[in-house]
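Q: My questions all concern the structure below.
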Amino acid sequence: MIALLLRDLRLATRAGGGFGLSLAFFLIVTVLVPFGVGPEGGTLARIAPGILWVGALLASLLSLDRIFALDHEDGSLDILVTAPIPLEGAVLVKAAAHWLVTGLPLTLAAPVLAVLLHLPGPGFFWMTVSLALGTPALSVIGTFGAALTVGLKRGGLLLSLLVLPLYIPTLIFGADCARRGAEGLTAGTPLLMLAGITLGALAILPFAAAAAIRANLR
Amino acid sequence: MARMLELTDISVARGGVPVLQGVTCALGAGQALILTGPNGVGKTTLLRAVAGLQPVLAGQMTRPSEGVAYAAHADALKPTLSVAENLSFWAEIFGTRDIAPALSAMGLEGLRHRAAQNLSAGQKRRLGLARLLVTGRKLWLLDEPTVSLDAAAVALFGAVIRAHLTDGGAALMASHIDIGLSEASTLDLSLFRAAPGGTDAFDEAFA
């Protein structure tokens, strides 16, 4: 299991691995929005939590189709299925690797990029916390979507269409938590809902994804 | 002699269409069986079914409880990882540690630190086959193992299989080329071709 995690991280950081792609996309979105909306601080501050969350969500969507597609193309997935490690565990490790190369850097970059969007002071803490709690759900749900589309050539479009609706609850509660935090309101309830989504996804989706892979390999 | 694999009256389908039916064979420790037959007869499909990657339509199958080592057409290599990194990854996944014997058996010691993307097709194939040695499993399933290997590498691989058989292993392989395993028996799969429309193909498509 550790070997799989280390291999995926190594692959991601080598040439062509896609590390930094999500981060670059996130950076571009947050830099461009002030140009599009205009420099008026009040407007930017109001939309900042939503923009940051939508940016993070789309950025983590970018690299989803790589999770299983490459392993399927070169035959690694067949071997992993016949290997002595449980496929459910392998799926969870894959999701963890995806989070480490997308969700975690996005979470760490968000407070820096939030400055560009005039995020009010109290919002920085809640922005980071909500992303830290919410991005694992994005990775796990996305891994499930990647498992569903694993045998399909160019399944990226279908993957986005499948995954985006599943991302909506995470987006609503995550962005709401950050918004309430930024406005100085209590943000506990959306934060708890967000944590619930993440834990639920972590508990159920690895099994669903493993079943989907087994069905797709037939 | 310990039975490694026993197939009784196996039927398999590819893409919902039954391709083979009534395949019966057995493989004991130290034995090799070569599946032959024209393209599309169902050699890969049968190997995938034995590997547990797809269900059988009918019949009984007894496999080793520890599982099998499966080598498909694709070599399961990551182009940006080196030879040693590729091999040690699979060694760790299969719970073995030492990759040196596998490297030397397939003549890859000199290429340890080269990235897999810079290997020739034959070298990649040899690395893919070296993976079998680090799985530590007794039953090998090989799908066209000698594709893109030169004569010397085929002989090298023949020796690896022979050593595996002497060691109490077994091998089931699909191959068109004679790899010099005189002790291996062959099974012509064209004898087991499924009769068109013979089974209920409609139900299988929705199975």
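The values are calculated or read from the model by the stated rules, or taken from the named source; none is laboratory data. Everything numeric here is computed off the predicted structure, so don't read it as measured data. Positions of Cβ are generated from backbone atoms using ideal geometry, with glycine treated the same way; all protein chains shown enter the neighbour counts. Side chains are part of the model used for accessible areas, which takes the heavy atoms of the whole protein and leaves out ligands, DNA and RNA. Shrake-Rupley method; radii C 1.70, N 1.55, O 1.52, S 1.80 Å.
Q: Search segment B:1-23 for residues being under 19 Å from residue B:53 (Cβ atoms) and touching an Asp or Glu at 6+ places or on another chain (Cβ under 6 Å), and hand back the single one that is modelled with the highest pLDDT.
A: The residue in question is B:13.
Q: Picking from A:210, A:203, which residue would you name as being open to solvent by less than 40 Å² (accessible area, probe 1.4 Å), part of a helix (DSSP H, G or I) and out of contact with any strand residue (DSSP E or B) (no Cβ under 6 Å at 6 or more places or on another chain)?
A: Among A:210, A:203, only A:210 is open to solvent by less than 40 Å² (accessible area, probe 1.4 Å), part of a helix (DSSP H, G or I) and out of contact with any strand residue (DSSP E or B) (no Cβ under 6 Å at 6 or more places or on another chain).
Q: Right, here's the next one. Test residue B:30 against the stated conditions and say whether it is surrounded by fewer than 20 Cβ atoms within 10 Å (Cβ to Cβ), more than 10 Å from chain A (Cβ to nearest Cβ) and under 17 Å from the mean Cα position of the chain (by Cα).
A: Yes; evaluated as a whole, the condition is true for this residue.
Q: Residues in segment B:110-128: is at least one more than 30 Å from residue B:19 (Cβ to Cβ), among the hydrophobic types (A, V, I, L, M, F, W, C) and either at pLDDT below 90 or open to solvent by less than 10 Å² (accessible area, probe 1.4 Å) (or both)?
A: yes
Q: A further question on this structure: Residues that are touching a residue at least 24 places away in the same chain (Cβ under 8 Å) and within 14 Å of another protein chain (Cβ to nearest Cβ): which helices (runs of 4 or more DSSP H) entirely in segment B:86-192 hold 2 or more of them? Spell out the reasoning first.
A: Values: elements: B:100-105, B:121-135, B:151-166.
Once the helices (runs of 4 or more DSSP H) in segment B:86-192 are filtered for at least 2 residues that are touching a residue at least 24 places away in the same chain (Cβ under 8 Å) and within 14 Å of another protein chain (Cβ to nearest Cβ), what remains is B:121-135.
Q: Of the numbered conditions (1) aliphatic (A, V, I, L, M); (2) within 15 Å of residue B:144 (Cβ to Cβ); (3) open to solvent by 40 Å² or more (accessible area, probe 1.4 Å), residue B:100 satisfies every one except a single condition; which is it?
A: Exception for residue B:100: condition (2).
Q: Another question, if that's okay. One residue is enough: does segment B:61-76 have a residue meeting the conditions open to solvent by 10 Å² or more (accessible area, probe 1.4 Å), in a helix (DSSP H, G or I) and touching a Leu at 6+ places or on another chain (Cβ under 7 Å)?
A: no
Q: Please state which one of B:17, B:41, B:50 is touching a helix residue (DSSP H, G or I) at 6+ places or on another chain (Cβ under 9 Å) and within 14 Å of another protein chain (Cβ to nearest Cβ). Quick ask: steps written out before the conclusion?
A: Working: B:41 fails: within 14 Å of another protein chain (Cβ to nearest Cβ); B:50 fails: touching a helix residue (DSSP H, G or I) at 6+ places or on another chain (Cβ under 9 Å).
Among B:17, B:41, B:50, only B:17 is touching a helix residue (DSSP H, G or I) at 6+ places or on another chain (Cβ under 9 Å) and within 14 Å of another protein chain (Cβ to nearest Cβ).
Q: Residue under question is residue B:105, and the condition is that it be more than 23 Å from residue B:44 (Cβ to Cβ) and open to solvent by less than 10 Å² (accessible area, probe 1.4 Å); does it hold?
A: Against the criterion (more than 23 Å from residue B:44 (Cβ to Cβ) and open to solvent by less than 10 Å² (accessible area, probe 1.4 Å)), residue B:105 does not qualify.
Q: Go through segment A:153-164 and give me each residue that's in a helix (DSSP H, G or I) and in contact (Cβ under 8 Å) with a residue 12 or more places away in the chain.
A: Result: A:156, A:159, A:160, A:162, A:163, A:164.
Q: Here's something else I'd like to know. Restricting the search to segment A:1-44, which residues are within 14 Å of chain B (Cβ to nearest Cβ), open to solvent by less than 30 Å² (accessible area, probe 1.4 Å) and in a helix (DSSP H, G or I)?
A: A:3, A:4, A:7, A:8, A:12
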